[in-house]
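Only one structure is covered here, and it is reproduced in the block below.
The values are calculated or read from the model by the stated rules, or taken from the named source; none is laboratory data. These numbers come from a predicted model, not from an experiment. Heads up, the Cβs are rebuilt from the backbone with ideal geometry, glycines too, and the neighbour counts pull from every protein chain shown. Protein only, heavy atoms only, side chains kept; ligands, DNA and RNA dropped before computing areas. Shrake-Rupley method; radii C 1.70, N 1.55, O 1.52, S 1.80 Å.
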Amino acid sequence: MRIEEQVESRMRDGTVLRTDVYRPDKTGSWPALLLRLPYDKSSRHYRETFVDVWRLTAAGYVVVIPDVRGRFASGGVFYPFIYEAADGYDAVEWAARLPEVNGKVGMIGMSYHGFTQVAAAAEQPPSLQAIAPMMAFADGWITMRGGRGVFELGKWQTWVAESMLPDHLERTQGAEGLARISHYLEHLPYWLGKGDPLVWPPITTAGMPAYYSDFLLGSVSEATRQRMQIKPERIKVPALFLAGWYDCFLEETIDLYQSTAGPAELWIGPWTHEDQSGRAGDVFFPDARIDRTALFLQWFDRWLKGKKAAPDNPVHYYVMHTGEWRGSWEIPRGQTEAVFYLCQDGRLAVKAPGQAFGHRVEHDPKDPVPTNGGSILMSGFPAGSFDQQHLQKRSDMLVYTSGPLAENWEVSGNVQACLQVNASRPRLPVGLRVSEVKPDGASWNVVDTVQAQPHADGELSINIGRTAYRFSAGNRLRLEIYLSSFPRIQSGATPAWTEVRSVSQLRITAENSPRFYN
């Protein structure tokens, strides 16, 4: 492999971006694979861990990795999402003209660098032939502010402070600026969600980038928001999407798969945003690890090298606790819907309760419910499945539990709550979590969400999550309802409450109806 570092490319407005180019160690003309990063392109993670650049070049690809505008070695000023469409188009066409590139370009990357693919593809650069976004999204504004009506502060502060702020300070203040916040970065999990986010010490100590408060306050013009919002129906090139059952961008990635106009393939594993080894929190699925580089090579060989043998099924998903990868022509959705009723005695029952009741759950700002696993992305707070039983004993949590299952029960698709509520104020966050309870009392979360109650009184329909999961015979289902999840969100500085009424339900799509011991 031959490496050429800090190659200059000029964007249409004259801004110079710097790129590392990895070429096969042999003569020829090859397709290019482009990975556009807001993170450090010199990191071994992007050359060896996320994908193996050596294997890609050995397979006959030129790998092109630039720092995006305003980051690390590249010129210009960084502002999230707004430059990635135009710059992405220009970067694709620049890569297509590199020596030893045959004019065909593919794109790879995950999360923000998944967005850079989506943004570029929607601009339809003629040299772009295929993309492979992993754990990605099409709307940077809604996704980072919280698409469920609740601003996920822990995720936002983690991304800005941990991933973006160090380079911002190096560029604007040098080593002295970075030194002033080193203590905060070393103890970032402690600082998440603490105090007024607009005067958050890790940001204000050395000077905050403008977009930090812009996203918090919503103080961005409509024209700027539109530059962050990509129309996936404009994506016409073949697209390979990878998603995780415990990833914070699961629904966004599935929406992309369903909305793009070109040929598409989707893989969903029991992965978190930061770990695709098969480990999801304290649970390990040994058959779920995939070789990303091999999967990307198979995809791009098909679309950039003419090996167009289509797979048997476009959707591949892992069913947790079966050890099985399955193929399908559509997003997994069960054949039936199981309905569970919330009962006065704390049961989840398959029959509606015979009498009316109301259960009140309260929020104490001095002692919020702590975040524990699930589909999160926060420094020091691992995502995935964990035993929740210690939290379920709290007085500020409603807990409803089914009887023991008489046989294994496979869930595939949406888990939804239909609640009748009366709240102390509108826009109050509500947390929902469905778990599998084992005979020893351990309660392992399967799906979860935190969303806003749009009104103070009436019916509340909430999609808790999507999954493919086998509940084991002898175990129970459990639904939790709570009003805070710290530091994932801020639930307010004053006490609040919600009353859940007796006509409330939990609805789960499954392969068959559950059977319980009498």
Strands (runs of 3 or more DSSP E) fully within the range 275-392 counting 2 or more residues that are touching a His at 6+ places or on another chain (Cβ under 7 Å)
324-328
All but one of (1) among the hydroxyl-bearing types (Ser, Thr, Tyr); (2) at pLDDT 95 or above; (3) over 16 Å from Gly374 (Cα atoms); (4) under 26 Å from the mean Cα position of the chain (by Cα) hold for Ser472, so report the exception by its number.
(4)
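Against the condition at pLDDT 95 or above and within 27 Å of the chain's Cα centre (by Cα), how does Ala91 come out, does it pass?
Spelling it out, Ala91 is indeed at pLDDT 95 or above and within 27 Å of the chain's Cα centre (by Cα).
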Cβ-Cβ under 7 Å pairs, at least 6 apart or on other chains, the range 246-260 side in contact (Cβ under 8 Å) with a residue 60 or more places away in the chain, far side aliphatic (A, V, I, L, M) and open to solvent by 30 Å² or more (accessible area, probe 1.4 Å):
Cys248/Leu377
Checked against (1) surrounded by fewer than 20 Cβ atoms within 10 Å (Cβ to Cβ); (2) within 25 Å of Ser379 (Cβ to Cβ), Asn408 satisfies every condition except (2)
Subset of the range 369-385, residues of a type outside the set (S, T, N, Q) and either over 27 Å from Tyr341 (Cα atoms) or surrounded by fewer than 21 Cβ atoms within 10 Å (Cβ to Cβ) (or both), comes to Pro370, Ile376, Leu377, Met378, Gly380, Phe381, Pro382, Ala383
Which of the numbered conditions does Gly207 fail, given that it passes all the others? Conditions: (1) in a loop (DSSP other than H, G, I, E, B); (2) out of contact with any Pro (no Cβ under 9 Å at 6 or more places or on another chain); (3) open to solvent by less than 50 Å² (accessible area, probe 1.4 Å); (4) modelled with pLDDT of 95 or more.
(4)
When only residues in the range 103-151 that are among the β-branched types (Val, Ile, Thr) and in a helix (DSSP H, G or I) count, which is farthest from Trp303 (Cα to Cα)?
Ile142
Is it the case, given these coordinates, that Ser502 is open to solvent by 10 Å² or more (accessible area, probe 1.4 Å), in contact with a Phe, Trp or Tyr (Cβ under 7 Å, 6 or more places away or on another chain) and in contact (Cβ under 8 Å) with a residue 60 or more places away in the chain?
yes
State all residues of the range 452-487 that are open to solvent by 30 Å² or more (accessible area, probe 1.4 Å) and out of contact with any Pro (no Cβ under 6 Å at 6 or more places or on another chain); if no residue qualifies, say none.
Pro454, Asp457, Glu459, Ser461, Asn463, Arg466, Arg470, Ser472, Ala473, Arg478
Single condition Gln157 does not satisfy, out of (1) under 26 Å from the mean Cα position of the chain (by Cα); (2) modelled with pLDDT under 95; (3) buried (at least 18 other Cβ atoms within 10 Å of the Cβ)
(2)
Among residues of the range 40-87, those that are among the aromatic types (Phe, Trp, Tyr), modelled with pLDDT of 95 or more and closer than 21 Å to Phe137 by Cα, counted
4
Has the range 219-238 got any residue that is open to solvent by less than 10 Å² (accessible area, probe 1.4 Å), under 27 Å from Ala280 (Cβ atoms) and either without any contact (Cβ under 8 Å) to a residue 40 or more places away in the chain or not in a loop (DSSP other than H, G, I, E, B) (or both)?
no
